[in-house]
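Enquirer: After the structure tokens below, expect a handful of questions from me.
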Amino acid sequence: VEKIEEQLASLRIAKRSMLSEEPAYLLDIDVSKPAQSENSCFVAVSCSNKSIRVYNRETLNFLREYSSHPGILNGVRFAHACDNVVFSACSDGTVKCWDIRLATQKPVQIFSGYPSNVFISFDINRNDLIICAGTEKVEKDVFLVFWDARGITNCASATKEPLGVYSESHNDDITKICFHPIEPNLVVSGSTDGLVNVFDINKDNEDDALISTCNSDSSVSFIGWSGKDYKQVYCMTHDEGFCWWDIAQLDTEEPITLLHVLDVRDAVCVENDSLHYLVGGLYHEKADKLFLLGGTSTGNIHLISCGTDGLSLVGTLCGGHSATVRSFCWNLTDESLLTGGEDAQLLLWKPGAVERSLAKKASMKIASSVQKRVRVHNSSSKAGKSKI
């Protein structure tokens, strides 16, 4: 962890994206997976103005923008084997796929759901074969919808129908979906019902596919995999709680809960500053360590180390953002960090970097017409709990 602390302490702003004509919250970030051994070269950001913006990974130069009006885009993901294909779930009941080599505004493929579906989360599995998207609750229905993603790289604009759905395992909005980093058949889903479910989608039906159900006792805002061979699952909640489970202990007498913190803001001591919210987590393979990223409403970023004995502050990045940080992507190959916030800024942090731009950081907070939907769930998150 000392090495990680040193690397974090040496992080400096290397690049800052130019503010666009229509500033927007930067809600989700993904970087392209390098097709060969060279570094990833694209960054995609989903924005509160219903668009995806694509940037050069090294320079943060703006390349192109895709709009989904009137639908709202939720999440952004690059394909694993093809660094020019990017996806986003949309509130119009589709997952859209764009090819960033093409000048067209049209998606190269549309994965359509069922008529009442509003997708608010999604992911694509490790071998780019399966897409899964999670819906908002409509009446009593909430779905995980699956599609066959093959053929995305050479397909004219075509609409794909779903392979099928899971409909029994959650009873409220499915806020997050995350496929396993190594095993293409494993996926974890999180919901405002408090449940974090792990599925093996190779099984014939939903009952058999459900490997484990963990209860966070609150509305889930972020989920991820961690630990050696990624046998652990963790989640964050909309009231800034944190849960961490060891799925490898399912068939043993050992408890599967590694850590449960009701409110991380109370559990982490930050000298001369505070912790207002959590953004997400990252498992650092080389260090075999799970870290959480949190921050303040004024734009400071805190890195927090997780152990079974509790949480501790590793370090703080100051002077980059001027408002709440909403998204990040940490590249472990060069230890660089991308962050996006409510100040409409995309920042690239690198160890020992010197910022060459003389542009002053904007001290504005954007009045966005789109209040990010999942922040609103605090009041209702205690209702409708499901028993394990």
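The values are calculated or read from the model by the stated rules, or taken from the named source; none is laboratory data. Because the structure is predicted, anything quoted here is derived from the model rather than measured. Neighbour counts run over all protein chains shown; Cβ positions are idealised from the backbone, glycine included. Keep in mind that these areas ignore ligands, DNA and RNA; they rest on the heavy atoms of the full protein, side chains included. Shrake-Rupley method; radii C 1.70, N 1.55, O 1.52, S 1.80 Å.
Enquirer: So residue 317 clears everything in (1) at positive phi; (2) within 21 Å of the chain's Cα centre (by Cα) except one condition, right? Which one?
Expert: Evaluating residue 317 over (1) at positive phi; (2) within 21 Å of the chain's Cα centre (by Cα) leaves (1) as the failure.
Enquirer: Has the stretch 105-116 got at least one residue that is small (Gly, Ala, Ser), over 24 Å from residue 192 (Cα atoms) and open to solvent by 50 Å² or more (accessible area, probe 1.4 Å)?
Expert: No, the stretch 105-116 contains no residue that is small (Gly, Ala, Ser), over 24 Å from residue 192 (Cα atoms) and open to solvent by 50 Å² or more (accessible area, probe 1.4 Å).
Enquirer: For the stretch 261-312: of the residues being among the hydroxyl-bearing types (Ser, Thr, Tyr) and within 19 Å of residue 225 (Cβ to Cβ), which is farthest from the chain's Cα centre (by Cα)?
Expert: Taking the stretch 261-312 first, the residues among the hydroxyl-bearing types (Ser, Thr, Tyr) are 274, 277, 283, 296-298, 305, 308, 312.
Going one step further and asking which of them are within 19 Å of residue 225 (Cβ to Cβ), we end up with 283, 305, 308.
Working: 283: 13, 305: 19, 308: 23 Å.
Applying the filter and picking the extreme gives 308.
Enquirer: Would it be correct to say that residue 287 is open to solvent by 20 Å² or more (accessible area, probe 1.4 Å) and not polar (S, T, N, Q)? Spell out the reasoning first.
Expert: Values: open to solvent by 20 Å² or more (accessible area, probe 1.4 Å): yes; not polar (S, T, N, Q): yes.
Considered against the rule, which asks whether it is open to solvent by 20 Å² or more (accessible area, probe 1.4 Å) and not polar (S, T, N, Q), residue 287 comes out as yes.
Enquirer: Right, residue 124: open to solvent by 10 Å² or more (accessible area, probe 1.4 Å) and in contact (Cβ under 8 Å) with a residue 12 or more places away in the chain or not? Outline the logic, then answer.
Expert: Details: open to solvent by 10 Å² or more (accessible area, probe 1.4 Å): no; in contact (Cβ under 8 Å) with a residue 12 or more places away in the chain: yes.
For residue 124, the condition - open to solvent by 10 Å² or more (accessible area, probe 1.4 Å) and in contact (Cβ under 8 Å) with a residue 12 or more places away in the chain - is not met.
Enquirer: Determine the pairs where a residue that is over 24 Å from residue 236 (Cα atoms), located within the stretch 200-215, has a partner that is open to solvent by 90 Å² or more (accessible area, probe 1.4 Å) and assigned to a loop (DSSP other than H, G, I, E, B) with Cβ atoms under 7 Å apart, the partner being 6 or more residues away or on another chain.
Expert: As it stands, the answer is 206/168, since those pairs meet every condition given.
Enquirer: Answer with yes or no whether residue 237 is of a type in the set (S, T, N, Q) and open to solvent by less than 10 Å² (accessible area, probe 1.4 Å).
Expert: Details: of a type in the set (S, T, N, Q): yes; open to solvent by less than 10 Å² (accessible area, probe 1.4 Å): yes.
Considered against the rule, which asks whether it is of a type in the set (S, T, N, Q) and open to solvent by less than 10 Å² (accessible area, probe 1.4 Å), residue 237 comes out as yes.
Enquirer: If we scan the stretch 39-47, do we find a residue that is open to solvent by 20 Å² or more (accessible area, probe 1.4 Å) and in contact (Cβ under 8 Å) with a residue 60 or more places away in the chain?
Expert: yes
Enquirer: Another question, if that's okay. Which one of 189, 167 is polar (S, T, N, Q), open to solvent by less than 20 Å² (accessible area, probe 1.4 Å) and within 26 Å of residue 112 (Cβ to Cβ)? Full working, then the answer.
Expert: Details: 167 fails: open to solvent by less than 20 Å² (accessible area, probe 1.4 Å).
Going through 189, 167 in turn, the sole match is 189.
Enquirer: Moving on. Name the residue that is most open to solvent (accessible area, probe 1.4 Å), counting only residues in the stretch 273-284 that are modelled with pLDDT of 95 or more and in a loop (DSSP other than H, G, I, E, B).
Expert: 276
Enquirer: For the stretch 176-222, give me each residue that is within 21 Å of the chain's Cα centre (by Cα) and of a type in the set (D, E, K, R).
Expert: Matches in the stretch 176-222: 176, 183, 193, 200, 217.
Enquirer: Output the residues belonging to the stretch 319-341 that are open to solvent by 10 Å² or more (accessible area, probe 1.4 Å) and more than 13 Å from residue 44 (Cα to Cα).
Expert: Step one: list which residues in the stretch 319-341 are open to solvent by 10 Å² or more (accessible area, probe 1.4 Å), which gives 319, 322, 324, 326, 328-335.
Answer for the stretch 319-341, where residues must be open to solvent by 10 Å² or more (accessible area, probe 1.4 Å) and more than 13 Å from residue 44 (Cα to Cα): 319, 322, 324, 326, 330, 331, 332, 333, 334, 335.
Enquirer: Based on what the data block shows, is residue 59 assigned to a loop (DSSP other than H, G, I, E, B) and either open to solvent by less than 30 Å² (accessible area, probe 1.4 Å) or in contact with a strand residue (DSSP E or B) (Cβ under 8 Å, 6 or more places away or on another chain) (or both)?
Expert: Details: assigned to a loop (DSSP other than H, G, I, E, B): yes; either open to solvent by less than 30 Å² (accessible area, probe 1.4 Å) or in contact with a strand residue (DSSP E or B) (Cβ under 8 Å, 6 or more places away or on another chain) (or both): yes.
Taking the combined requirement at face value, the residue satisfies it.
Enquirer: Would you call residue 75 on the phi > 0 side of the Ramachandran plot and not acidic (Asp, Glu)? Explain how you work it out, then say what you get.
Expert: Working: on the phi > 0 side of the Ramachandran plot: yes; not acidic (Asp, Glu): yes.
Yes; evaluated as a whole, the condition is true for this residue.
Enquirer: Just one of 316, 252, 298 is part of a strand (DSSP E or B) and open to solvent by 20 Å² or more (accessible area, probe 1.4 Å); which is it? Working first, answer last.
Expert: Details: 252 fails: part of a strand (DSSP E or B); 298 fails: part of a strand (DSSP E or B).
Being part of a strand (DSSP E or B) and open to solvent by 20 Å² or more (accessible area, probe 1.4 Å) holds for just one of 316, 252, 298, which is 316.
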